[in-house]
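Working notes, beginning with the structure itself.
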Amino acid sequence: MPLIQTIKPEDATGELAELYGNITAMRGRVSNSAQLFSASPELIKQQMSFIEYYMLKQKSLSMPLLASIRMLISDKNSCSYCVDMNASILINMLGWTPKEVEAMPADPQNAKLDEKEKAMLLFVLKAVRTPHDVNAHDVQKLRDLGYSDGEILDATNHGARMSAIDIIFDAFKIEKDF
């Protein structure tokens, strides 16, 4: 049971019930991760907007790249909920083998991504884990591979935001539901 009070979908009313309806329409159910934000419906709206941006509007960063970013950031942060959720996406939705997913944390170079996406993955990991070590050469390397500054920022934001989500989920003891 999480440390903060959450509202189950069947108990939601008003704006929260409407938001849960939107989540159910988008994802098929209201996960524990969404329910954790029920104490602050504004945060649910922000999280839904974040997810919608990367799913529907940010077309140049692939689903495998984004799931790999989330999984490896969460692995470093020891957020088992998010590691398992993203590993499940990679295996069940994207067709990766369990061995391919398990190999990534030990060496992200093993990610089942093309060289361009691996470069972005490694950059985001560096930016989130050791931001002071990022330099102009790192950014230029991505530009040389064809990434725009907006795409570089979007990918880095995705990783940084994942780190924040890991903190929230671990601090309030989210329960697995998948």
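The values are calculated or read from the model by the stated rules, or taken from the named source; none is laboratory data. Just so it is clear, the structure is predicted and the values come from calculations on it, not from any experiment. Every residue, glycine among them, receives a Cβ derived from its backbone with ideal geometry; neighbour counts consider all protein chains shown. Surface accessibility is based on the protein's heavy atoms, side chains included, excluding ligands, DNA and RNA. Shrake-Rupley method; radii C 1.70, N 1.55, O 1.52, S 1.80 Å.
Descriptive notes on the structure:
- Close Lys pairs in the stretch 21-178 (alpha-carbon distance under 16 Å; sequence gap of 8 or more, or different chains): 8.
- Helix-only CD estimate at 222 nm, as mean residue ellipticity for the chain, using -39500 (n - 2.57) per DSSP H run (n ≥ 4): -18500 deg cm²/dmol
- Other residues with beta-carbon under 14 Å from the beta-carbon of LYS45 carry, at +1 per Lys or Arg and -1 per Asp or Glu, a net charge of -4.
- Solvent exposure of the chain amounts to 53 Å² per residue of accessible area, where only protein heavy atoms count and the probe is 1.4 Å.
- Residue-wise HN-Hα coupling along the stretch 42-58, computed from phi with Karplus coefficients 6.51, -1.76, 1.60 (Hz; x: Gly, Pro): 4, 5, 4, 4, 5, 5, 5, 5, 4, 4, 4, 4, 6, 7, 10, 10, 8
- For the stretch 42-124, applying the loop criterion from DSSP together with a ceiling of 11 other beta carbons within 10 Å to the chymotrypsin sites (Phe, Trp or Tyr not before Pro) yields no site.
- Carbon-plus-sulfur accessible fraction, the chain (probe radius 1.4 Å, protein heavy atoms only): 55%.
- For the stretch 1-95, the set of trypsin sites (Lys or Arg not before Pro) satisfying both a DSSP loop assignment and a count of at most 15 other C-beta atoms within 10 Å is given as ARG29, LYS59.
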